[in-house]
Each structure stands twice: as C-alpha cells, then as structure tokens.
Amino acid sequence: RRTLPLAAPPPHAPPAPEPEEQPEAKRPRMDENVLEAEEEFADQHPGAQTIAVLDTRAEAQGLSLEVAVTSVLETVKEVKGKLAALVGLAANKQKLLSPNGAVMNDNNTLAFYNVASGSKPLSLAVKERGGRKK
C-alpha cells in the first residue's frame, strides 16, 4: 500500500494590495453659456431688435448682415425668410448657427437661443443634404 505525501499547506495569501488613490470624481462642467428661460429673456428684451448675422458661405467671404425683427419671439424660420430676401438663398437651404455654435431649429424663437440686439452674431451657412462626403 502506497501512501501519498500530504499536500503542502497552501502558501500564505499575498497581502491585499494597498488601495490605490482614486482620482476625484469629475466635476460637472460649468458652462458660462447657460441660457436664460425663453420667457424671461423675451421680457428683458422687448420691442424691435436688430440681429447681426455673419454670412460664412464661400461666395460671401464673411459678409456681416443685419436683420430687423419685430420681437425676439420671432421664429428662426421667420428670420431665415428675411435673410432669403437679403442674400438670395432660399430659407430651406439655410443653416443658422447660434453664437455658441448650435444649429438653430426653425420652430424655436430667437429668445429660446437668447439672441437679441448686441448678442454675438449668428452664422449663416448652406444646409448640406445627405449623400456621400467629398
């Protein structure tokens, strides 16, 4: 009869690793471009306004335009209609960018984007449709 040697006791478990210092949790980015509520902004900017628009199309070469609006409660679509008369580009071919670079939705008002006289200019570009990128 053969006896098997007893198994050696398991070696001691390695010491628990020192807890690494965890980086601090990321703080939410505080954006200085926080927009005011649409109604509050409209109350602060009553009456007719003149909106500055920078035409960034290649053929315009950075031309500065001014569009008169009756109120900051006019929609972006109405502003595009006025721009169409000034630059000869159909409203449905225009893309307006707010001062912080966001594409402006036709159904929103200027007050929604906090745009009034004295604001940084909007940017006008040609709306690109789908298709293969060149």
Is it true that residue 72 is closer than 21 Å to residue 126 by Cβ and at pLDDT 90 or above?
no
The residue that is farthest from residue 106 (Cα to Cα), considering only those in the range 50-70 that are among the polar types (S, T, N, Q) and within 23 Å of the chain's Cα centre (by Cα), is 64
Every residue in the range 84-104 that is of a type in the set (Gly, Ala, Ser), closer than 15 Å to residue 57 by Cα and open to solvent by 30 Å² or more (accessible area, probe 1.4 Å), please.
88, 90, 91
Residue 55 fails exactly one of (1) of a type in the set (D, E, K, R); (2) at pLDDT 75 or above; (3) over 23 Å from residue 124 (Cα atoms), namely (3)
Subset of the range 42-60, residues surrounded by fewer than 17 Cβ atoms within 10 Å (Cβ to Cβ) and touching an Asp or Glu at 6+ places or on another chain (Cβ under 8 Å), comes to 44, 50, 52
All but one of (1) within 21 Å of residue 59 (Cα to Cα); (2) open to solvent by less than 30 Å² (accessible area, probe 1.4 Å) hold for residue 110; state the number of the condition that does not hold.
(1)
Could we say that residue 115 is surrounded by fewer than 16 Cβ atoms within 10 Å (Cβ to Cβ) and in contact (Cβ under 8 Å) with a residue 12 or more places away in the chain here?
no
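The values are calculated or read from the model by the stated rules, or taken from the named source; none is laboratory data. Nothing here was measured: the structure is a model prediction, and the numbers come from that model. All Cβ positions, glycine included, derive from the backbone under ideal geometry; neighbour counts span all protein chains shown. Just so you know, the surface numbers come from the protein's heavy atoms only, side chains and all, with ligands and any DNA or RNA stripped out. Shrake-Rupley method; radii C 1.70, N 1.55, O 1.52, S 1.80 Å.
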